[in-house]
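Working notes, beginning with the structure itself.
The values are calculated or read from the model by the stated rules, or taken from the named source; none is laboratory data. Fair warning: this is a prediction, and the values are worked out from it, not measured in the lab. Cβ coordinates were reconstructed from backbone atoms using ideal geometry, including for glycine residues, and neighbour counts include every protein chain displayed.
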Amino acid sequence: MQRAAEAGGAVRAATLCAEAQGALAGAEAEIAVQTRRLPIARDYEKAETLALRAREAAERCALQATLMRSRSRARADRGLADLARGIARAKPLVRHLPDPHPARDVLRQAEIALGEGRKSFALQEFERAEASTGRGSRQVSEVVRAVDAFIESFAHHPHLGRWKRWVAETLREGRTAEKPIILVDKLRRQLLVLKKEDEIATYSVELGISAIEDKIQAGDEATPEGRYHVTEVRDPGRTRYHRALMLDYPNADDLAEFRRLQRAGRVARGKGIGSHIEIHGEGGRGVDWTQGCVALTNADMDELIGLVGVGTPVTIVGTIPEGALP
C-alpha cells in the first residue's frame, strides 16, 4: 500500500487502490472482531483472505501506477522540450506582428505554461506538467497561425505596387552607378546589401517601437518607408549608437506625403515630420526599440560600413514583394 501510495496509486490506478484499501479495512475489522473472542474461538481465515486480497490489489495498483507514472514522466519530459523549442521558434516570428497584437499575449501565456510545467515536473506531478505543456503547445500553434495570417495579408497590401517600384528603381540606380545598394525589409526585419545582381550581405535589424507601421509624424516611433541615400558616416564618438549611417529623411517625397496627410487630417495639430533617421548600431536586443531608426548589432554595423558609404542608395519598404529581386 505504501509503494502504491508513493507511485500515486490513488490518482493513477484509483479503482485498484480503492479495492486494496477496502480489502485492507475489511481484514483489519475482521482481526478486531476475532481478537475480542476467546483464544479458542478465534478464526483468522477470513482476515487472511481479505489481507491477501488487499496485498494482491495493492501490488497491482503499485505496478499500474508505476507504469503510468513512468509513461507520464516521459510524455511530460518530451512535452517540456517540445514546448521550449516551439517558444524559441515563435519568439522571432512575433516580431513580424504589430504591437499590440493578441498573439503576443498568447505567446507570453505559453511561456507561463512552460514555467508551470517545469515546476510541476520538479515536484513529480507529471500529469499536471503534461496538462501545462499541452496548453502551452496549443498556444504556440495559435501564435504561428496568427503570424502566418498576418504575413499572408501582405500579399494584398495596398502599398505593394509602390514598394515593388521603389525596389526596382533602387536596383537600377545601383547598376547604373556601379555601387552597392541597401534594402530594408521591415516585415522580415532584414537589411540586404546588393551589388548589381548579387546579394553580398544580409543582416537582422530592429526597427522603431511602432514596428512595421509607416512613419507619419515626429514622435510616432515608426520607421519611415521610401527611397533615401546615405549622407554621412559617423564613427564611434560621433553617435550614441556605436556607428551610424545618416539618411536624407525627410526628402521631397516625404514632405509631399506629409502635407497630403495633413490635409487629410491624419497629422496631429502642431506635429512636424521628424528627422534624424539613421542606420546605427547597439542592436541585437531582440525587440523593436528605436525612435524610428534601423538598428544592427555593433559587429554587423562595422561590417556594413565596410561595404557602403556616402551616397549609397537606401530603400526601406514594408516588405520586398515576391519577384522584386533578381
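In table form, for the structure just shown:
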{"quantity": "Test: residue in region 95-105 that is within 30 Å of ARG145 (Cβ to Cβ), among the small types (Gly, Ala, Ser) and either exposed (fewer than 14 other Cβ atoms within 10 Å of the Cβ) or under 48 Å from the mean Cα position of the chain (by Cα) (or both)", "calculated": "yes"}
{"quantity": "Region 161-189, residues that are over 17 Å from PRO326 (Cα atoms) and either surrounded by 15 or more Cβ atoms within 10 Å (Cβ to Cβ) or touching a Gly at 6+ places or on another chain (Cβ under 6 Å) (or both)", "calculated": "ARG162, LYS186, LEU187, ARG188, ARG189"}
{"quantity": "Inter-residue pairs, beta-carbon under 8 Å, first closer than 15 Å to ILE212 by Cα and in region 148-166, second in a helix (DSSP H, G or I) and at pLDDT below 90, 6+ apart", "calculated": "LEU160/PHE154"}
{"quantity": "Which listed residue is over 30 Å from ALA110 (Cα atoms) and not basic (Lys, Arg), from ALA81, ALA4", "calculated": "ALA4"}
{"quantity": "Residue selected from region 289-317 under the condition surrounded by fewer than 22 Cβ atoms within 10 Å (Cβ to Cβ) and among the small types (Gly, Ala, Ser), by the criterion farthest from the chain's Cα centre (by Cα)", "calculated": "GLY311"}
{"quantity": "Hey, TYR241 farther than 30 Å from ARG175 by Cα, more than 25 Å from the chain's Cα centre (by Cα) and surrounded by 13 or more Cβ atoms within 10 Å (Cβ to Cβ) or not", "calculated": "yes"}
{"quantity": "Number of the exception - SER204 against (1) touching a strand residue (DSSP E or B) at 6+ places or on another chain (Cβ under 7 Å); (2) surrounded by 18 or more Cβ atoms within 10 Å (Cβ to Cβ); (3) of a type in the set (Gly, Ala, Ser)", "calculated": "(2)"}
{"quantity": "Among (1) crowded, with 18+ Cβ neighbours inside 10 Å; (2) in contact (Cβ under 8 Å) with a residue 40 or more places away in the chain; (3) not basic (Lys, Arg) - the single one TYR249 does not satisfy", "calculated": "(2)"}
{"quantity": "PRO92 vs. criteria within 36 Å of the chain's Cα centre (by Cα) and not in a helix (DSSP H, G or I)", "calculated": "no"}
{"quantity": "Subset of region 9-46 (residues that are crowded, with 18+ Cβ neighbours inside 10 Å and more than 30 Å from LEU67 (Cβ to Cβ))", "calculated": "GLU30"}
{"quantity": "Sole residue being over 24 Å from THR319 (Cα atoms) and assigned by TED's automatic domain parsing to the domain that holds GLU206, chosen from ASP235, ASP288, ASP300", "calculated": "ASP235"}
{"quantity": "Region 302-324 - residue that is assigned to a loop (DSSP other than H, G, I, E, B) and in contact with a helix residue (DSSP H, G or I) (Cβ under 7 Å, 6 or more places away or on another chain) and, of those, farthest from LEU207 (Cα to Cα)", "calculated": "ALA324"}
{"quantity": "Region 123-139, subset crowded, with 24+ Cβ neighbours inside 10 Å and either outside the structural domain of GLY79 (by TED's automatic domain parsing) or not small (Gly, Ala, Ser) (or both), residue nearest to MET68 (Cα to Cα)", "calculated": "PHE126"}
{"quantity": "Residue check, GLY286 loosely packed, with under 13 Cβ neighbours inside 10 Å, within 29 Å of the chain's Cα centre (by Cα) and modelled with pLDDT under 95", "calculated": "yes"}
{"quantity": "Residue count for region 187-220, restricted to those that are within 27 Å of VAL267 (Cα to Cα), among the hydrophobic types (A, V, I, L, M, F, W, C) and within 22 Å of the chain's Cα centre (by Cα)", "calculated": "5"}
{"quantity": "Candidate set from region 219-234 (those that are surrounded by 19 or more Cβ atoms within 10 Å (Cβ to Cβ) and among the hydrophobic types (A, V, I, L, M, F, W, C)); member that is farthest from HIS96 (Cα to Cα)", "calculated": "VAL230"}
